[in-house]
Structures are given as structure tokens and as C-alpha cells.
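One structure below.
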Amino acid sequence: KNEVEQSPQNLTAQEGEFITINCSYSVGISALHWLQQHPGGGIVSLFMLSSGKKKHGRLIATINIQEKHSSLHITASHPRDSAVYICAVPTQGGSEKLVFGKGTKLTVNP
Amino acid sequence: ETGVTQSPTHLIKTRGQQVTLRCSSQSGHNTVSWYQQALGQGPQFIFQYYREEENGRGNFPPRFSGLQFPNYSSELNVNALELDDSALYLCASSLDLAGGAAYEQYFGPGTRLTVT
């Protein structure tokens, strides 16, 4: 079974700061998901990536398959970025039944 | 908007009762997964349905059951509710082309179940 560790658990930043959230997993995977969850529950898929780097607006996700590690970066953070960020990986290599990290709660203050 | 809807939004039930939660997937998505998210925790995989058949199950007892219908909707049923069943229940739909490649999951907004 794949195990997922995220850090930090909680993160408070000032508007404009550069944010990094880390995710490590234990079993080789086909792809890793980064998700965003706002208060109230709804989850939005931000990225699915299997190698290298993806960028969407101010969000950048990178993955190192050999090191079983991924990072989510937010440039020029804004209070509306405040949310829980969760990484998820397949439960075992090739499976798309996901196991989730516990999430990183980000608060961006104006 | 992910195109995935869930109903109801909130629900309060009493211990021992039964509940049915509903999910409407994106059109054409042949796979739906259900997750339970307890307060302060990451989601936990309950089970997945692929083309109306159960396609894997997490560590949940048999009183958690599901159905998937040809019209891309699905249900999660929980019998004999317990207090610990209080959680946010999320469904996620995807299109599995059975080619072994990873595919993106689209999450619904969730149903918050409170068991008293």
C-alpha cells in the first residue's frame, strides 16, 4: 500500500510570498494528483502529473519519480489561495484508486 | 465546475438508520470512486465502480455498499449508521480507457453526513 506524507501540515504566509508544499510517497506510481479543498468541502483537481513540471497560472507542480517526491509551488500568493492542499497517489503502482495525504492547510494573510 | 454533482448537500441521521447518497458523474465517465473524509483528515477510499461493477474496495465494512447506473449516476448506501460514519462523502468520476494510463478524477462537492 502506498503511503503519503505531506509537509508542512499548516502554513501561514503573507500575501505575495512564495509558497512550497511537499509530498513524498512510498511506492512507485503512474501519476500524482494535487488537489485543492476550500472550507465547505468541495475538492478541485489542480494537477495530475507523471514527470517533470506543470504550470497553471501562479501554480507550479514538480515531481521527481526517482526520489518519490513532488512539490506544489504558489507564486505571489493571495488570500484567495487559502485552502487545504492535498496530494494523492494510486494505492499501488498502476492503480487509480487513490490514497491521500492529510493535507496542508494554507492561510494567506493580506 | 467539474460537472459532478452530489445530493443531498447535508444530511442528519440517527444511529442505526440507513442512508443513500447520490452522485451524478460527468457524461461519458465510466468510473466512479467514493471517498470518506473525516474532519481534519484526508479522504479515504471506500470503493470504485467501473461499468456498473465494483472494481476495488478500501477498508470499509459490508454495510457500505454502492451502485452505478448506465446514466452515469451512482449511489453510496450505508446501513446501520454509526456515530463514526459522520464525515464528508465525496464521489469522483473519471474516464478509464483501460489502457493502463493514469486518468484525472473529477470530484463532486460532497455530502456532509452527521450521525447523532
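Applying the criterion of being crowded, with 17+ Cβ neighbours inside 10 Å and of a type in the set (Gly, Ala, Ser) to the residues of the range B:87-116, the residue that is modelled with the lowest pLDDT is B:ALA102.
Between B:SER93, B:SER33, the distinction of being closer than 23 Å to A:GLU3 by Cβ, touching a Ser or Thr at 6+ places or on another chain (Cβ under 9 Å), part of a strand (DSSP E or B) and of a type in the set (Ser, Thr, Tyr) belongs to B:SER33 only.
Selection over the range A:59-76 of residues that are on the phi > 0 side of the Ramachandran plot and surrounded by fewer than 13 Cβ atoms within 10 Å (Cβ to Cβ) gives a count of 1.
Determine whether the range A:77-99 contains at least one residue that is more than 14 Å from chain B (Cβ to nearest Cβ), open to solvent by 50 Å² or more (accessible area, probe 1.4 Å) and either outside any strand (DSSP E or B) or closer than 30 Å to B:HIS10 by Cβ (or both). The answer is yes; a qualifying residue exists. Which members of the range B:22-32 meet the condition of being closer than 14 Å to B:THR111 by Cα and within 14 Å of another protein chain (Cβ to nearest Cβ)? Residue satisfying the conditions is B:CYS23 alone. More than 13 Å from the chain's Cα centre (by Cα), away from chain A (no Cβ under 11 Å), more than 22 Å from A:ASN2 (Cβ to Cβ) and acidic (Asp, Glu) - does that describe any residue in the range B:63-84? Yes, there is a match, as at least one residue in the range B:63-84 is more than 13 Å from the chain's Cα centre (by Cα), away from chain A (no Cβ under 11 Å), more than 22 Å from A:ASN2 (Cβ to Cβ) and acidic (Asp, Glu). Could you check, for the range B:39-47, whether at least one of its residues is within 11 Å of another protein chain (Cβ to nearest Cβ), closer than 12 Å to B:SER73 by Cα, in a strand (DSSP E or B) and at pLDDT 85 or above? No, there is no match, as no residue in the range B:39-47 is within 11 Å of another protein chain (Cβ to nearest Cβ), closer than 12 Å to B:SER73 by Cα, in a strand (DSSP E or B) and at pLDDT 85 or above.
In the set A:GLY40, A:GLY28, only one residue is open to solvent by 60 Å² or more (accessible area, probe 1.4 Å), under 29 Å from B:TRP34 (Cβ atoms), modelled with pLDDT under 95 and not basic (Lys, Arg); that residue is A:GLY40.
The values are calculated or read from the model by the stated rules, or taken from the named source; none is laboratory data. Computed from a predicted structure; not experimentally measured. Note that each Cβ is placed from the backbone with ideal geometry, even for glycine, and that neighbours are counted across all protein chains shown. The accessibility values were calculated without ligands, DNA or RNA, using every heavy atom of the protein model including side chains. Shrake-Rupley method; radii C 1.70, N 1.55, O 1.52, S 1.80 Å.
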